[in-house]
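For reference, the structure is listed below as structure tokens.
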Amino acid sequence: MLCRERDVERYGRTVAACLVRNKDIGRWLVKSGQTFAYRRYSSDDIGAEQGAKNNRCGMWAGHTQAPWEWRKEQRYFAR
């Protein structure tokens with residue numbers, strides 16, 4: 001496995017791209033509907049996410065709400 005740092009996010013955690021046998025693990029997770037494309041740091045996986053949505057892969061097989069949308073709603077309703 002080979003990981004390359006792409007950025008450091010606001011909490012100081014490393015954002016990296018990791019490859020196994022020349023396959024991007026993050027892209028595979030997005031493409032199979034297991035996670036969201038991390039748009040804040042890269043637009044590379046947006047097409048893979050759209051493909052997963054179109055094919056109803058993984059979480060896209062049913063209703064899906066992004067974690068940031070859920071957290072925003074919780075703050076709104078907590079008032």
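Data overview
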read-out	value
Rg/Rh (Cα only; Kirkwood hydrodynamic radius) as it applies to the chain	1.04
Accessible-area composition of the chain, carbon plus sulfur, in percent [1.4 Å probe]	49
Cleavage-rule hits (chymotrypsin sites (Phe, Trp or Tyr not before Pro)) in the chain: DSSP loop, at most 10 neighbouring Cβ within 10 angstrom	Tyr11
Cysteines without a disulfide-compatible partner [the chain; Cβ-Cβ under 4.7 Å]	Cys57
Solvent-accessible area per residue, Å², over the chain with all protein chains present [probe radius 1.4 Å]	82
Cut-off under 5 Å, modelled amide H: who pairs with Arg6 long-range	Val15, Ala16, Ala17
Length-normalised contact order of the chain in % [C-alpha pairs under 8 Å, at least 6 apart]	19
Over the chain: helical MRE at 222 nm, DSSP H runs n ≥ 4 each giving -39500 (n - 2.57), nearest 500	-9500 deg cm²/dmol
The chain: GluC sites (Glu not before Pro) falling in loop per DSSP and having at most 15 other Cβ within 10 Å	Glu9
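The values are calculated or read from the model by the stated rules, or taken from the named source; none is laboratory data. Fair warning: this is a prediction, and the values are worked out from it, not measured in the lab. We place every Cβ from the backbone using ideal geometry, glycine too, and count neighbours over all the protein chains shown. Please note that ligands, DNA and RNA were not included when accessible areas were found on the heavy atoms of the full protein model with its side chains. Shrake-Rupley method; radii C 1.70, N 1.55, O 1.52, S 1.80 Å.
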